[in-house]
Amino acid sequence: MQKFSGSFNSKLPSTETSIFAVMSALANQYQAINLSQGFPDFQIDKKLIELVNKYMLKGMNQYAPMLGVKELREVISEKIFDTYGAVYHPETEINITAGATQAIYTVISAVIQEGDEVIIFEPAYDSYVPAVKINKGIPVFAQLQAPDYHIDWEIVKKLINKNTKLIIINSPHNPTGSILKQEDLKMLAKLTSKTDILVLSDEVYEHLIFDNNRHESVCLYPELAERSFITYSFGKTLHATGWKMGYVLAPENLMKEFRKVHQFNVFTCNTPIQYAIAEYLKDKENYIHLPEFYQKKRDFFVESIKNSRFNIIPCYGTYFQLVDYSKITDEKELDFATRLTKEFKIASIPVSSFYNKPKENKTLRLCFAKTEETILKAAEILNKI
């Protein structure tokens, strides 16, 4: 095929292929243990697979409503009330999405206009900034403060101005594993009070939170919830990232704007899977033990590499563990991550890739959503480096 001979202007001229795609491809090429991209290597619950098959056989294979299957929206409404005491109406305030990333993109597309500023905390999940730029918004960056990656609210105060339209928060936080605390949510509420600033709260790891910490959802704070879109991921909760299923919550007037874009984006999502998830989530036992499940994996992983030269950075949520390699080499993060994949057959993600301008902290992100067998194989390699 010949190349296009005309000219066109890229909307994302400085954006390259996602680091997740790059490192996973490298892992495949060199047959490395893939601790880079965030996906489990163990099977999902057989009951859930059986439920999907059940609804396929029942003929639930055509378009679902644009809002999502009613039964699923109703289960979500009950789950949110049971978990956080918050009321979201299944008809007007809940929408099923093709994963949380689609939900995030749609929120930004719905509310951001040319010149609007969006405050983003770095290191940040890599879809935020491109979505803002495509919609002609202006990303404004606030760096989380090492070593625990907390928010310095004095910095945020100075960034807020008449052009600030949206603040994006993420807890439990990808890639650092840090979590927002009650005082953080209260400060956010204070700073946005009596303004038109909206909040996008990325809470996809809501159930992956450890050490008896409470997930401080925006749902718990009515003064924040009234101005917030909240995104969730069934992929994270059900160990089924390949299904690309999630949902978004928002007050009715904000949800109306979300749906205006959503209907012309994906319109609707996988029908039989929605019915299956709806039935599956009716049993709380299918998700309430996730904190203990993943904390055991985190602890097993940390214990397995305690004799390595990597320094463990505390992880309070998600299924990612940050490690500091400053005792090993002075290489830049991407260079070291690449060499680890090629020479040692273990793939990771350089945290510098989560910054607008790469920041070198000699830190890598490793995924521990793996079987014990995979973790032990990875630890054997890491302990020899």
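Is there a residue being under 21 Å from the mean Cα position of the chain (by Cα), at positive phi and not acidic (Asp, Glu) anywhere in the range 112-123? Looking through the range 112-123, none of the residues is under 21 Å from the mean Cα position of the chain (by Cα), at positive phi and not acidic (Asp, Glu). Within the range 45-59, the residues that satisfy the criterion of being more than 30 Å from PRO175 (Cα to Cα), aliphatic (A, V, I, L, M) and open to solvent by less than 60 Å² (accessible area, probe 1.4 Å) are LEU51, VAL52. Consider TYR287 carefully, then state whether it is farther than 30 Å from ASN61 by Cα and hydroxyl-bearing (Ser, Thr, Tyr). So TYR287 fails the test.
Going by the structure shown, is ALA347 under 28 Å from PHE210 (Cα atoms) and under 24 Å from the mean Cα position of the chain (by Cα)? Yes.
Among the residues of the range 131-160, the ones that are acidic (Asp, Glu) and either modelled with pLDDT under 95 or open to solvent by 60 Å² or more (accessible area, probe 1.4 Å) (or both) come to 2 in all.
Is at least one residue of the range 249-258 more than 26 Å from ASP211 (Cα to Cα) and within 16 Å of the chain's Cα centre (by Cα)? Yes, there is a match, as at least one residue in the range 249-258 is more than 26 Å from ASP211 (Cα to Cα) and within 16 Å of the chain's Cα centre (by Cα). When PHE42 is tested against (1) within 19 Å of TRP243 (Cβ to Cβ); (2) surrounded by 15 or more Cβ atoms within 10 Å (Cβ to Cβ), only condition (2) is not met. For the range 355-367, the tally of residues that are open to solvent by 10 Å² or more (accessible area, probe 1.4 Å) and within 17 Å of the chain's Cα centre (by Cα) stands at 1.
Selection of first residues in the range 332-343 that are assigned to a helix (DSSP H, G or I) and of second residues that are among the basic types (Lys, Arg), restricted to Cβ pairs under 7 Å at least 6 apart or on distinct chains, gives the following pairs, ordered by first then second residue: GLU333/LYS362. With a requirement of 3 or more residues that are without any contact (Cβ under 8 Å) to a residue 60 or more places away in the chain, the helices (runs of 4 or more DSSP H) lying completely within the range 39-119 that satisfy it span 46-57, 70-84.
Table: residues versus (1) at pLDDT 95 or above; (2) not polar (S, T, N, Q).
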position	(1), (2)
MET1	no, yes
SER5	no, no
PHE8	no, yes
GLU16	no, yes
PHE20	no, yes
GLY38	no, yes
ASP41	no, yes
ASP45	yes, yes
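The set of residues in the range 260-306 that are more than 19 Å from PRO90 (Cβ to Cβ), assigned to a loop (DSSP other than H, G, I, E, B) and either touching a Phe, Trp or Tyr at 6+ places or on another chain (Cβ under 8 Å) or open to solvent by less than 60 Å² (accessible area, probe 1.4 Å) (or both) comprises ASN265, VAL266, ILE305.
The values are calculated or read from the model by the stated rules, or taken from the named source; none is laboratory data. Since we're looking at a predicted model, the values are computed, not measured. FYI the Cβ positions are ideal-geometry reconstructions off the backbone, even for glycines, and counts take in every protein chain you see. To get the accessible areas, we keep the full protein, side chains included, count just its heavy atoms, and leave off ligands, DNA and RNA. Shrake-Rupley method; radii C 1.70, N 1.55, O 1.52, S 1.80 Å.
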